[in-house]
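Here is the structure we will look at, set down as structure tokens.
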Amino acid sequence: MAETNLQVLLRRRPQGAPVPEDFEIVERAAPEPAEGEVLVRAAYLSLDPYMRGRMSEAKSYAKPVALGAVMEGRTAGTVVASKAPGFAPGDVVAGGSGWQRFSCVKAAGLIKVDPAEAPLSANLGVLGMPGLTAWVGLEDIGQPQSGEVMVVSAASGAVGQVVGQIGRIRGCKVIGIAGGERKCRYVTEELGFDACIDHRGDLAAQLDRHCPEGIDVYWENVGGVVQAAVFPRLRDFARMVMCGVIAQYNVAEGSDSFGGAPGPNLGAVVRKRLRIQGFIVSDNGWPRYPQFRREMLGWMGDGRLRWREDVVEGLRNAPQAFIGLLEGKNFGKLVVKID
Ligand SMILES: NC(=O)c1ccc[n+]([C@@H]2O[C@H](COP(=O)([O-])OP(=O)(O)OC[C@H]3O[C@@H](n4cnc5c(N)ncnc54)[C@H](OP(=O)(O)O)[C@@H]3O)[C@@H](O)[C@H]2O)c1
């Protein structure tokens, strides 16, 4: 008899911040793999800010999740059955199988991982899409040089914690920005950033105190008031890595609000010869995954790279946890341990 699948569906499109009623949780029979597919039982689900975009119909770089469909997301788990060459029951895999316990995934969408190398959930964070995002964005756009000043917003989060630590490995002075004293203490004491500023305080004065010489690399995860404070402090030829603007994700479509702040005066881009470039990790990240994984495992092995996860128990709690992610309630990479 088929096992029971548990799924989280998109019931309706949120207006502003998502609420639990935007989701629906259903139980169904587990599916059977077709030719070329693998049946995966997920152990962990990654919750990520981009999912807010998939809930909306606004024009973006990826298609929205259809109403009534399973929410999109990456998981780490075990192969239960396979009709694809190269995969066998018992293989440990990571890939895009959605907010559900069982899923049939095309072999091309899966990465086989060695469970001896790192805990399974790490394949969704430090060794997963967020870690790859940090690595690719710095390699291609940030290009930190020894002695430069780097500022990282959402510094204790999945992407930010890796960005800042790579910045330190590359010899930069690294200043984090995070919400609250606990997160800031973690960023300096555990991750080894040179300083961390609480964005709820006087951000401009703190930036002047910690970066009197200005900023060479700014990693943008937040936008809004954080970006408005950092932007005028960029030095000539600075690189601003436009990774995300989470403060703006719940702003109603069509609103001219900018995450609580007016937009920066982009005239400085010309005057200071700034390079501002946005990127999506899926543009050219995944073909470089083996190189990324090798480098990261080296740094993790010799203790130069640490990571923190925020683990929520049970798939039924995923909607509430995701809502909290957009309010800064997570502390570290947010993953769901699927019951
Ligand atoms: N371009 C790409 O390919 C790509 C890939 C992955 C992620 N991203 C982007 O990278 C950013 C970070 O993602 P992540 O997965 O690492 O998430 P995360 O940092 O683990 O979690 C989100 C954090 O954002 C901060 N935040 C939320 N709302 C905020 C607000 N209104 N103002 C200021 N800070 C706020 C909170 O931290 P504090 O409590 O410290 O404020 C929260 O914990 C997001 O913008 C995401 O969209 C982009």
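The values are calculated or read from the model by the stated rules, or taken from the named source; none is laboratory data. Model, not experiment: these values are computed from the prediction. Using ideal geometry, Cβ is built from the backbone for each residue, glycine included, and neighbour counts are taken over all protein chains shown. Remember, those area values only see protein heavy atoms, side chains included, never the ligands or the DNA or RNA. Shrake-Rupley method; radii C 1.70, N 1.55, O 1.52, S 1.80 Å.
Values computed for the structure shown
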{"item": "Selection from 284, 330, 303, by position along the positive dipole direction of the stretch 264-337 (Cβ)", "result": "284"}
{"item": "Whole-Hz ³J(HN,Hα) from phi, Karplus 6.51 cos²θ - 1.76 cosθ + 1.60, for the stretch 34-46, glycine and proline x", "result": "8, 4, x, 10, 10, 8, 10, 9, 7, 9, 9, 10, 8"}
{"item": "Between the stretch 288-339 and the stretch 45-91, the alpha-carbon center distance in angstrom", "result": "16"}
{"item": "Area of residue 270 that stays accessible when all protein chains are in place (1.4 Å probe, Å², to 10)", "result": "110"}
{"item": "Placed amide H near residue 91: partners under 5 Å, 5+ positions off or other chain", "result": "79"}
{"item": "In the stretch 42-125, the chymotrypsin sites (Phe, Trp or Tyr not before Pro) that fall in loop regions by DSSP, at most 11 other Cβ within 10 Å", "result": "61"}
{"item": "Percent accessible area from carbon and sulfur atoms, the chain, protein chains only, probe 1.4 Å", "result": "50"}
{"item": "Accessible area of residue 8 in the full protein assembly, 1.4 Å probe (Å², nearest 10)", "result": "0"}
{"item": "Helix-only CD estimate at 222 nm, as mean residue ellipticity for the chain, using -39500 (n - 2.57) per DSSP H run (n ≥ 4)", "result": "-5500 deg cm²/dmol"}
{"item": "Sequence of 112, 63 when ordered by accessible area, the most exposed leading, probe 1.4 angstrom", "result": "63, 112"}
{"item": "Selected from 51, 71, 150 as most flexible by GNM, with the chain as the system and alpha-carbon contacts under 10 Å", "result": "51"}
{"item": "DSSP-defined antiparallel bridges as percent of all bridges, the chain, nearest 5", "result": "55"}
{"item": "Test item: Cα-centred dipole of the chain, Lys/Arg +1 and Asp/Glu -1 on Cβ, debye", "result": "440"}
{"item": "Lysine pairs with alpha-carbon atoms under 20 Å apart, the chain, spacing 8 or more or separate chains", "result": "8"}
{"item": "Residue-normalised accessible area of the stretch 129-278, expressed per residue, 1.4 Å probe, Å²", "result": "41"}
